[in-house]
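Asker: Structure in C-alpha coordinates, see below.
The values are calculated or read from the model by the stated rules, or taken from the named source; none is laboratory data. What you see is a predicted model; the values in this text were computed from it and never measured. Using ideal geometry, Cβ is built from the backbone for each residue, glycine included, and neighbour counts are taken over all protein chains shown. Ligands, DNA and RNA are stripped out before the accessible areas are found, and what is left, the full protein with its side chains, is counted by its heavy atoms. Shrake-Rupley method; radii C 1.70, N 1.55, O 1.52, S 1.80 Å.
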Amino acid sequence: MPFVAALIGYVTKRVAIEMMFRPLEFVGIPPFLGWQGVLPANAERMAVTATQMLTRNLVDPKEIFARLDPDEIAHEIEVPLLEVVEDVTREVMEQYQPRLWEALPDGARRLLLNRVRTESPKVIAKILRELAHDIEEVLDLEHLVVTNLVRDKALLNRLIRDISRPELRFIARSGLVFGFALGIVQLVVWALTKSSVVLPVFGLAIGWFTDWLALKMIFLPREPREFFGLYTWQGVFQKRRDQVAADYGDMIAREIITIPNLLEEVLRGPRSDRLFHLVTREVQRTIDAQAGFVKPLVAFAVGSRRFQEMKQAAATKAAERVPDTIRYAEDYATNALDVRNTIVDRMRRLSPVQFEGLLRPAFRQDEWKLIAVGAVIGGLVGELQVMVLLH
(Lines give C-alpha, C1' and ligand atoms only; values in the text may rest on other atoms or scores of the structure.)
Protein backbone atom coordinates (compact mmCIF):
# COMPACT_ATOMS: atom_id res chain seq x y z
CA MET A 1 0.00 0.00 0.00
CA PRO A 2 2.74 2.58 0.75
CA PHE A 3 4.30 1.88 -2.64
CA VAL A 4 0.97 2.20 -4.44
CA ALA A 5 0.32 5.42 -2.52
CA ALA A 6 3.74 6.72 -3.58
CA LEU A 7 2.83 5.89 -7.17
CA ILE A 8 -0.49 7.73 -6.78
CA GLY A 9 1.38 10.75 -5.43
CA TYR A 10 3.83 10.75 -8.34
CA VAL A 11 1.32 10.09 -11.13
CA THR A 12 -1.13 12.73 -9.92
CA LYS A 13 1.70 15.30 -9.90
CA ARG A 14 2.85 14.42 -13.41
CA VAL A 15 -0.71 14.61 -14.71
CA ALA A 16 -1.27 17.96 -12.99
CA ILE A 17 1.95 19.36 -14.47
CA GLU A 18 1.11 18.25 -18.00
CA MET A 19 -2.42 19.59 -17.66
CA MET A 20 -0.97 23.02 -16.96
CA PHE A 21 0.70 23.16 -20.37
CA ARG A 22 -1.11 20.72 -22.68
CA PRO A 23 -2.82 20.73 -25.03
CA LEU A 24 -2.14 24.14 -26.55
CA GLU A 25 -5.63 24.30 -28.07
CA PHE A 26 -8.95 23.05 -26.70
CA VAL A 27 -9.51 19.34 -27.32
CA GLY A 28 -13.04 17.98 -26.96
CA ILE A 29 -16.53 19.41 -27.38
CA PRO A 30 -16.58 23.10 -26.43
CA PRO A 31 -17.19 24.78 -24.16
CA PHE A 32 -17.06 22.35 -21.23
CA LEU A 33 -16.53 18.80 -22.44
CA GLY A 34 -12.80 18.73 -23.03
CA TRP A 35 -9.58 20.32 -21.88
CA GLN A 36 -7.03 22.94 -22.80
CA GLY A 37 -3.82 23.49 -20.85
CA VAL A 38 -4.32 25.93 -17.97
CA LEU A 39 -1.70 28.34 -19.31
CA PRO A 40 -2.78 28.30 -22.98
CA ALA A 41 -6.42 28.63 -21.93
CA ASN A 42 -5.55 31.75 -19.94
CA ALA A 43 -2.91 33.06 -22.34
CA GLU A 44 -4.16 36.64 -22.38
CA ARG A 45 -4.49 36.88 -18.59
CA MET A 46 -1.05 35.35 -18.12
CA ALA A 47 0.43 37.65 -20.77
CA VAL A 48 -1.04 40.72 -19.08
CA THR A 49 0.34 39.54 -15.72
CA ALA A 50 3.80 39.03 -17.23
CA THR A 51 3.64 42.45 -18.87
CA GLN A 52 2.64 44.18 -15.67
CA MET A 53 5.59 42.56 -13.93
CA LEU A 54 7.89 43.77 -16.71
CA THR A 55 6.63 47.32 -17.06
CA ARG A 56 6.05 48.08 -13.38
CA ASN A 57 9.07 46.45 -11.81
CA LEU A 58 11.67 45.46 -14.39
CA VAL A 59 11.81 47.48 -17.61
CA ASP A 60 11.31 51.21 -18.08
CA PRO A 61 11.15 51.82 -21.87
CA LYS A 62 12.27 55.43 -21.53
CA GLU A 63 15.27 54.43 -19.43
CA ILE A 64 16.54 51.66 -21.69
CA PHE A 65 15.99 53.60 -24.93
CA ALA A 66 17.94 56.50 -23.49
CA ARG A 67 20.96 54.18 -23.68
CA LEU A 68 20.93 54.31 -27.48
CA ASP A 69 23.32 56.78 -29.09
CA PRO A 70 21.48 58.21 -32.15
CA ASP A 71 24.74 59.20 -33.82
CA GLU A 72 26.12 55.69 -33.37
CA ILE A 73 23.02 54.15 -34.94
CA ALA A 74 23.26 56.62 -37.84
CA HIS A 75 26.88 55.57 -38.29
CA GLU A 76 25.98 51.86 -38.19
CA ILE A 77 23.36 52.22 -40.93
CA GLU A 78 25.08 54.89 -43.02
CA VAL A 79 25.99 52.71 -46.02
CA PRO A 80 22.58 51.04 -46.54
CA LEU A 81 20.85 54.34 -45.70
CA LEU A 82 22.64 56.17 -48.53
CA GLU A 83 21.52 53.49 -50.96
CA VAL A 84 17.93 53.93 -49.79
CA VAL A 85 18.10 57.71 -50.21
CA GLU A 86 19.42 57.40 -53.74
CA ASP A 87 16.85 54.78 -54.69
CA VAL A 88 13.93 56.76 -53.25
CA THR A 89 15.03 59.99 -54.95
CA ARG A 90 15.34 58.29 -58.34
CA GLU A 91 12.07 56.38 -57.97
CA VAL A 92 10.07 59.50 -57.08
CA MET A 93 11.58 61.65 -59.80
CA GLU A 94 11.12 58.96 -62.43
CA GLN A 95 7.54 58.38 -61.29
CA TYR A 96 6.40 61.99 -61.29
CA GLN A 97 8.61 63.70 -63.86
CA PRO A 98 10.80 61.24 -65.78
CA ARG A 99 11.55 63.69 -68.58
CA LEU A 100 12.68 66.40 -66.20
CA TRP A 101 14.91 63.94 -64.30
CA GLU A 102 16.50 62.79 -67.52
CA ALA A 103 16.88 66.37 -68.75
CA LEU A 104 18.75 67.48 -65.65
CA PRO A 105 22.51 67.58 -66.21
CA ASP A 106 24.31 64.68 -64.60
CA GLY A 107 26.14 67.10 -62.32
CA ALA A 108 22.87 68.61 -61.10
CA ARG A 109 21.39 65.20 -60.38
CA ARG A 110 24.52 64.13 -58.55
CA LEU A 111 24.58 67.36 -56.55
CA LEU A 112 20.96 66.87 -55.50
CA LEU A 113 21.60 63.25 -54.47
CA ASN A 114 24.76 64.16 -52.56
CA ARG A 115 23.07 66.94 -50.65
CA VAL A 116 20.18 64.71 -49.61
CA ARG A 117 22.55 61.85 -48.75
CA THR A 118 24.69 64.13 -46.62
CA GLU A 119 21.72 65.16 -44.52
CA SER A 120 20.14 61.70 -44.19
CA PRO A 121 22.23 60.43 -41.23
CA LYS A 122 21.51 63.69 -39.41
CA VAL A 123 17.80 63.26 -40.03
CA ILE A 124 17.90 59.69 -38.69
CA ALA A 125 19.77 60.82 -35.57
CA LYS A 126 17.24 63.61 -35.03
CA ILE A 127 14.30 61.22 -35.36
CA LEU A 128 15.90 58.78 -32.93
CA ARG A 129 16.48 61.53 -30.38
CA GLU A 130 12.82 62.50 -30.54
CA LEU A 131 11.79 58.86 -30.21
CA ALA A 132 14.03 58.28 -27.18
CA HIS A 133 12.60 61.36 -25.48
CA ASP A 134 8.97 60.28 -25.98
CA ILE A 135 9.27 56.53 -26.60
CA GLU A 136 5.86 55.85 -25.06
CA GLU A 137 4.34 57.88 -27.90
CA VAL A 138 5.35 55.26 -30.48
CA LEU A 139 6.00 52.08 -28.47
CA ASP A 140 3.34 50.24 -26.48
CA LEU A 141 5.45 47.71 -24.59
CA GLU A 142 2.44 46.06 -22.99
CA HIS A 143 0.86 45.49 -26.40
CA LEU A 144 4.14 44.02 -27.68
CA VAL A 145 4.46 41.46 -24.87
CA VAL A 146 0.78 40.51 -24.77
CA THR A 147 0.58 40.13 -28.55
CA ASN A 148 3.63 37.87 -28.72
CA LEU A 149 2.59 35.65 -25.81
CA VAL A 150 -1.04 35.30 -26.89
CA ARG A 151 -0.09 34.67 -30.52
CA ASP A 152 2.52 32.08 -29.56
CA LYS A 153 1.11 29.94 -26.75
CA ALA A 154 4.12 27.62 -26.99
CA LEU A 155 6.31 30.61 -26.11
CA LEU A 156 4.14 31.34 -23.06
CA ASN A 157 4.50 27.70 -22.00
CA ARG A 158 8.28 27.87 -22.37
CA LEU A 159 8.45 31.12 -20.43
CA ILE A 160 6.80 29.48 -17.41
CA ARG A 161 8.06 25.93 -17.84
CA ASP A 162 11.71 26.80 -18.42
CA ILE A 163 12.05 29.09 -15.42
CA SER A 164 10.12 26.69 -13.16
CA ARG A 165 11.61 23.37 -14.30
CA PRO A 166 13.22 22.57 -10.89
CA GLU A 167 9.96 23.47 -9.14
CA LEU A 168 7.98 21.16 -11.42
CA ARG A 169 10.51 18.41 -10.77
CA PHE A 170 10.12 19.01 -7.04
CA ILE A 171 6.33 18.70 -7.32
CA ALA A 172 6.60 15.33 -9.07
CA ARG A 173 9.22 13.91 -6.70
CA SER A 174 7.45 15.18 -3.61
CA GLY A 175 4.49 13.03 -4.62
CA LEU A 176 6.60 9.93 -4.06
CA VAL A 177 7.68 10.98 -0.56
CA PHE A 178 4.34 12.34 0.62
CA GLY A 179 2.45 9.49 -0.98
CA PHE A 180 4.65 6.85 0.67
CA ALA A 181 4.26 8.50 4.09
CA LEU A 182 0.47 8.67 3.75
CA GLY A 183 0.49 5.12 2.41
CA ILE A 184 1.93 3.90 5.72
CA VAL A 185 -0.94 5.61 7.53
CA GLN A 186 -3.34 4.05 5.04
CA LEU A 187 -1.87 0.60 5.69
CA VAL A 188 -2.29 0.97 9.46
CA VAL A 189 -5.90 2.16 9.15
CA TRP A 190 -6.78 -0.61 6.70
CA ALA A 191 -5.12 -3.26 8.91
CA LEU A 192 -7.21 -2.08 11.86
CA THR A 193 -10.53 -1.73 10.05
CA LYS A 194 -10.28 -4.03 7.00
CA SER A 195 -12.82 -1.64 5.47
CA SER A 196 -12.88 -1.40 1.66
CA VAL A 197 -13.81 2.27 2.00
CA VAL A 198 -10.34 3.07 3.37
CA LEU A 199 -8.52 2.57 0.07
CA PRO A 200 -10.49 4.92 -2.23
CA VAL A 201 -10.85 7.52 0.53
CA PHE A 202 -7.13 7.51 1.23
CA GLY A 203 -6.39 7.44 -2.50
CA LEU A 204 -8.50 10.56 -2.96
CA ALA A 205 -6.91 12.21 0.11
CA ILE A 206 -3.39 11.37 -1.06
CA GLY A 207 -4.04 12.80 -4.52
CA TRP A 208 -5.57 15.97 -3.10
CA PHE A 209 -3.28 16.59 -0.13
CA THR A 210 0.04 15.89 -1.88
CA ASP A 211 -0.89 18.20 -4.80
CA TRP A 212 -1.95 20.97 -2.42
CA LEU A 213 1.12 20.62 -0.19
CA ALA A 214 3.59 20.52 -3.09
CA LEU A 215 2.15 23.71 -4.60
CA LYS A 216 2.38 25.47 -1.23
CA MET A 217 5.97 24.34 -0.65
CA ILE A 218 7.08 25.88 -3.94
CA PHE A 219 6.30 29.39 -2.73
CA LEU A 220 6.13 29.23 1.05
CA PRO A 221 7.64 30.22 3.32
CA ARG A 222 9.01 33.24 1.50
CA GLU A 223 11.94 33.56 3.89
CA PRO A 224 13.96 30.66 5.39
CA ARG A 225 12.17 29.27 8.42
CA GLU A 226 13.26 26.72 10.98
CA PHE A 227 10.83 23.89 11.82
CA PHE A 228 10.93 22.05 15.15
CA GLY A 229 14.56 23.08 15.51
CA LEU A 230 15.47 20.25 13.13
CA TYR A 231 15.56 21.68 9.63
CA THR A 232 15.16 24.92 7.73
CA TRP A 233 12.86 25.33 4.74
CA GLN A 234 12.25 28.08 2.22
CA GLY A 235 9.93 27.96 -0.79
CA VAL A 236 11.77 26.26 -3.64
CA PHE A 237 11.06 29.13 -6.03
CA GLN A 238 12.15 31.79 -3.55
CA LYS A 239 15.35 29.89 -2.84
CA ARG A 240 16.33 29.98 -6.52
CA ARG A 241 15.94 33.73 -6.97
CA ASP A 242 19.30 34.33 -8.67
CA GLN A 243 18.95 31.48 -11.16
CA VAL A 244 15.31 32.32 -11.93
CA ALA A 245 16.29 35.94 -12.59
CA ALA A 246 19.02 34.85 -15.01
CA ASP A 247 16.74 32.41 -16.87
CA TYR A 248 13.85 34.87 -17.07
CA GLY A 249 16.08 37.71 -18.27
CA ASP A 250 17.61 35.47 -20.94
CA MET A 251 14.25 34.40 -22.33
CA ILE A 252 12.68 37.87 -22.33
CA ALA A 253 15.71 39.40 -24.06
CA ARG A 254 16.08 36.52 -26.51
CA GLU A 255 12.47 35.94 -27.52
CA ILE A 256 10.22 38.86 -26.55
CA ILE A 257 11.88 42.26 -26.14
CA THR A 258 14.07 41.84 -29.23
CA ILE A 259 15.02 44.46 -31.80
CA PRO A 260 12.86 42.81 -34.54
CA ASN A 261 9.87 42.68 -32.18
CA LEU A 262 10.41 46.27 -31.07
CA LEU A 263 10.60 47.41 -34.70
CA GLU A 264 7.48 45.43 -35.53
CA GLU A 265 5.61 47.09 -32.67
CA VAL A 266 6.82 50.58 -33.54
CA LEU A 267 6.00 50.13 -37.24
CA ARG A 268 2.75 48.18 -37.05
CA GLY A 269 1.55 48.57 -33.47
CA PRO A 270 -1.35 50.75 -32.30
CA ARG A 271 0.88 53.84 -32.14
CA SER A 272 2.70 53.36 -35.46
CA ASP A 273 0.94 56.33 -37.11
CA ARG A 274 2.92 58.69 -34.84
CA LEU A 275 6.23 57.33 -36.09
CA PHE A 276 5.11 57.59 -39.71
CA HIS A 277 4.06 61.19 -39.12
CA LEU A 278 7.46 61.97 -37.57
CA VAL A 279 9.43 60.39 -40.43
CA THR A 280 7.24 62.06 -43.06
CA ARG A 281 7.68 65.47 -41.47
CA GLU A 282 11.46 65.20 -41.28
CA VAL A 283 11.86 63.85 -44.82
CA GLN A 284 9.74 66.66 -46.25
CA ARG A 285 11.75 69.22 -44.30
CA THR A 286 14.97 67.76 -45.65
CA ILE A 287 13.68 67.84 -49.22
CA ASP A 288 12.70 71.48 -48.86
CA ALA A 289 16.04 72.38 -47.29
CA GLN A 290 18.31 70.47 -49.69
CA ALA A 291 16.47 70.71 -53.01
CA GLY A 292 16.37 74.49 -53.00
CA PHE A 293 18.34 74.97 -56.20
CA VAL A 294 16.07 72.68 -58.26
CA LYS A 295 12.83 73.27 -56.37
CA PRO A 296 11.68 76.23 -58.54
CA LEU A 297 12.45 74.26 -61.69
CA VAL A 298 10.62 71.15 -60.51
CA ALA A 299 7.67 73.10 -59.13
CA PHE A 300 7.37 75.01 -62.42
CA ALA A 301 7.55 71.80 -64.46
CA VAL A 302 5.07 69.72 -62.48
CA GLY A 303 3.03 72.35 -60.62
CA SER A 304 2.96 73.17 -56.91
CA ARG A 305 0.32 70.55 -56.11
CA ARG A 306 2.22 67.87 -57.96
CA PHE A 307 5.41 68.89 -56.19
CA GLN A 308 3.72 68.42 -52.80
CA GLU A 309 2.62 64.95 -53.92
CA MET A 310 6.21 64.17 -54.84
CA LYS A 311 7.38 65.13 -51.37
CA GLN A 312 4.67 63.00 -49.80
CA ALA A 313 5.60 60.04 -52.02
CA ALA A 314 9.27 60.44 -51.09
CA ALA A 315 8.40 60.54 -47.41
CA THR A 316 6.17 57.47 -47.70
CA LYS A 317 8.81 55.45 -49.55
CA ALA A 318 11.47 56.51 -47.03
CA ALA A 319 9.24 55.51 -44.11
CA GLU A 320 8.79 52.09 -45.71
CA ARG A 321 12.50 51.53 -46.38
CA VAL A 322 14.16 53.04 -43.31
CA PRO A 323 13.01 50.26 -40.91
CA ASP A 324 14.83 47.60 -42.94
CA THR A 325 17.87 49.85 -42.88
CA ILE A 326 17.71 50.19 -39.09
CA ARG A 327 18.13 46.41 -38.80
CA TYR A 328 21.78 46.87 -39.72
CA ALA A 329 22.24 48.39 -36.26
CA GLU A 330 20.58 45.42 -34.52
CA ASP A 331 23.73 44.13 -32.80
CA TYR A 332 24.63 47.56 -31.51
CA ALA A 333 21.07 48.25 -30.31
CA THR A 334 20.79 44.87 -28.56
CA ASN A 335 23.99 45.46 -26.62
CA ALA A 336 23.13 49.08 -25.84
CA LEU A 337 19.61 48.36 -24.56
CA ASP A 338 21.00 45.57 -22.36
CA VAL A 339 17.53 44.21 -21.64
CA ARG A 340 18.77 40.92 -20.22
CA ASN A 341 21.04 42.36 -17.52
CA THR A 342 18.51 45.07 -16.65
CA ILE A 343 15.84 42.45 -15.95
CA VAL A 344 18.20 40.21 -13.99
CA ASP A 345 19.39 43.07 -11.78
CA ARG A 346 15.87 44.37 -11.09
CA MET A 347 14.48 40.89 -10.37
CA ARG A 348 17.10 40.26 -7.73
CA ARG A 349 15.93 43.41 -5.96
CA LEU A 350 12.24 42.48 -5.89
CA SER A 351 10.55 41.79 -2.58
CA PRO A 352 9.64 38.13 -1.93
CA VAL A 353 5.97 38.89 -2.63
CA GLN A 354 6.77 40.64 -5.91
CA PHE A 355 9.11 37.84 -6.91
CA GLU A 356 6.44 35.23 -6.16
CA GLY A 357 4.15 37.14 -8.52
CA LEU A 358 6.37 36.09 -11.41
CA LEU A 359 5.22 32.47 -11.29
CA ARG A 360 2.37 32.26 -8.79
CA PRO A 361 -0.35 33.51 -11.19
CA ALA A 362 0.36 30.51 -13.42
CA PHE A 363 -0.91 28.25 -10.64
CA ARG A 364 -3.28 30.30 -8.51
CA GLN A 365 -6.52 30.73 -10.46
CA ASP A 366 -6.88 27.15 -11.69
CA GLU A 367 -4.83 25.21 -9.17
CA TRP A 368 -8.05 23.84 -7.66
CA LYS A 369 -8.67 22.01 -10.96
CA LEU A 370 -5.23 20.40 -10.81
CA ILE A 371 -5.75 19.39 -7.17
CA ALA A 372 -9.22 18.05 -7.99
CA VAL A 373 -7.84 15.94 -10.84
CA GLY A 374 -5.19 14.56 -8.48
CA ALA A 375 -7.89 13.64 -5.98
CA VAL A 376 -10.02 11.90 -8.64
CA ILE A 377 -7.07 9.90 -9.93
CA GLY A 378 -6.14 8.93 -6.37
CA GLY A 379 -9.70 7.82 -5.66
CA LEU A 380 -9.83 5.72 -8.85
CA VAL A 381 -6.56 4.00 -8.00
CA GLY A 382 -7.96 3.32 -4.52
CA GLU A 383 -10.99 1.64 -6.11
CA LEU A 384 -8.64 -0.47 -8.23
CA GLN A 385 -6.86 -1.58 -5.07
CA VAL A 386 -10.21 -2.65 -3.59
CA MET A 387 -11.03 -4.67 -6.69
CA VAL A 388 -7.63 -6.39 -6.56
CA LEU A 389 -8.06 -7.24 -2.88
CA LEU A 390 -11.58 -8.60 -3.40
CA HIS A 391 -10.54 -10.82 -6.27
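Asker: Once R0 is set to 51 Å, what does the formula 1/(1 + (r/R0)^6) return for the Cβ-Cβ distance between Glu320 and Arg45, expressed as a FRET efficiency to the nearest 0.05?
Answerer: After rounding, the FRET efficiency stands at 0.90.
Asker: Just check segment 147-244 against the gyration tensor rule for me: Cα atoms, a ≥ b ≥ c as the square roots of the eigenvalues, rounded for a/c under 1.5, and otherwise prolate or oblate depending on whether a/b exceeds b/c.
Answerer: oblate
Asker: Oh, and also: Just to make sure I understand: if all protein chains stay in place, what is the order of Arg271, Arg173, Arg165 by accessible area at 1.4 Å, largest first?
Answerer: Largest accessible area first, the list is Arg173, Arg165, Arg271.
Asker: Provide Lys239, Lys13, Lys122, Lys153 ordered by accessible surface of protein heavy atoms (probe 1.4 Å), highest first.
Answerer: Per-residue accessible area, sorted high to low, gives Lys239, Lys122, Lys153, Lys13.
Asker: Could you sort Phe32, Phe202, Phe180 by their accessible area in this structure, using a 1.4 Å probe and putting the largest first?
Answerer: Order by accessible area, largest first: Phe32, Phe180, Phe202.
Asker: May I ask you to compute the full-extension gain from Glu142 to Leu33, defined as 0.36 nm times their residue separation minus their alpha-carbon distance, rounded to one decimal in nm?
Answerer: Net length gain for the segment: 35.9 nm.
Asker: What accessible surface, in Å², does a 1.4 Å probe find on Thr147, ignoring ligands, DNA and RNA and rounding to the nearest 10?
Answerer: Using a 1.4 Å probe on the heavy atoms, I get roughly 50 Å².
Asker: Where does each of 131-139, 227-235 land if you order them by average Cβ count within 10 Å, highest first?
Answerer: Details: 131-139: 16.3, 227-235: 10.7.
Descending packing order for the listed peptides: 131-139, 227-235.
Asker: Any chance you could look up the accessible area of Arg22 with a 1.4 Å probe, heavy atoms only, rounded to 10 Å²?
Answerer: Probe radius 1.4 Å; accessible area of Arg22 about 150 Å².
Asker: I would also like to ask the following. Suppose each label sits 7 Å from its Cα in the direction of the beta carbon; what would the Ala66-Ala181 distance come out to in nanometres?
Answerer: For Ala66 paired with Ala181, the spin-label model returns 5.1 nm.
Asker: Could I have the simple spin-label model distance between Thr232 and Arg254, label points 7 Å from Cα toward Cβ, reported in nm to one decimal?
Answerer: Spacing of the two 7 Å Cα→Cβ label points: 3.2 nm.
Asker: For segment 242-250, take each phi angle, set θ = phi - 60°, evaluate the Karplus expression 6.51 cos²θ - 1.76 cosθ + 1.60, and give the result in whole Hz per residue in order, putting x for glycine and proline.
Answerer: 4, 5, 4, 4, 5, 5, 5, x, 4
Asker: Give me the distance between the Cα centres of segment 205-245 and segment 1-58, rounded to whole Å.
Answerer: The distance from the Cα centre of segment 205-245 to that of segment 1-58 comes to 20 Å.
Asker: To the nearest 10 square angstrom, how much accessible area does Val376 have with a 1.4 angstrom probe?
Answerer: Its accessible surface works out to 90 Å², give or take rounding.
Asker: From the backbone phi of segment 10-16, what are the Karplus-calculated ³J(HN,Hα) couplings (6.51 cos²θ - 1.76 cosθ + 1.60, θ = phi - 60°) in whole Hz, Gly and Pro given as x?
Answerer: 5, 4, 5, 5, 4, 5, 4
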